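One structure is given below, encoded as structure tokens.
Rule-based calculations on the coordinates, nothing more; no lab input. All of these numbers come straight from a predicted model, not from anything done at the bench. Note that each Cβ is placed from the backbone with ideal geometry, even for glycine, and that neighbours are counted across all protein chains shown.
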Amino acid sequence: MFALQLMCSVLMAQEMSGIITKGGKPKKGLTVMLRESGLTTTTDKFGRFYFEEAKPGDVLQVQVSSRKAARIPVSEARRLKIYIASTNFVLNNGVLEQRLPYTATSTESPQSNIIESEQIVDSGLHRVSDVLRQYLTGVTVSQTFYGSSIRVRGINSVTADNEPLFVIDGAYMTGIDIDAVIPVEAVKRIELHKDGARWGVAGANGVIEITTFKS
């Protein structure tokens, strides 16, 4: 009986994929998760996401901003198209298309390794350091006499004793007060790399890569 139940559970878990767009353009870098399973991914440059296994009864969540999310019960539909608008979203599961309301998530603090400008604007935060503190997993921020001190708990900085490398529009910077270097409204995208191997020794303590609207 146990073996039969296990087999049914495995058969019920199937892959799930989708495409997310806004204004006719793909949305890159959105956090997508299966809430019950705890699985998380982000959309690629084509707005696509993919899960190898998604079980009926789980809930697919697309974090549209820090304050709202699109939540979709997992059913037999495994190929989704999601159209993001300002006040609601449209879900097309290949059979039915329907307009649905967002779920408020103002009390939640979803974290990932990528932050987009839209999420920063929606957050209402006024400093880059505050954005890093709230949204990047493994980043700690402390205020000193000289400004904000950033640490990344990663491979070589388990005790948070080492500063990360900042890469701003391709320029390497260390030992900086990020709030004095760049205003939050200039930030287009932030990405955390806990393993900064591609930057060599300079990235040993992690890398925070920032792209501005000037680049």
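Quick look at the values:
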{"quantity": "Nearest-0.05 FRET efficiency for residue 212 and residue 162, computed from C-beta distance (R0 22 Å)", "calculated": "0.30"}
{"quantity": "Net charge, residue 56 excluded, C-beta distance under 14 Å - Lys, Arg +1, Asp, Glu -1", "calculated": "-2"}
{"quantity": "Stretchable slack from residue 122 to residue 202, in nm (0.36 nm times residue separation minus alpha-carbon distance)", "calculated": "25.5 nm"}
{"quantity": "Pair residue 180, residue 46: separation of 7 Å Cα→Cβ label points (nm)", "calculated": "4.6 nm"}
{"quantity": "Fully extended contour minus Cα-Cα distance, from residue 90 to residue 172, at 0.36 nm per residue", "calculated": "25.4 nm"}
{"quantity": "Unsatisfied cross-links (Cα-Cα over 19 Å) in the set 194/214; 27/68; 55/194", "calculated": "194/214; 55/194"}
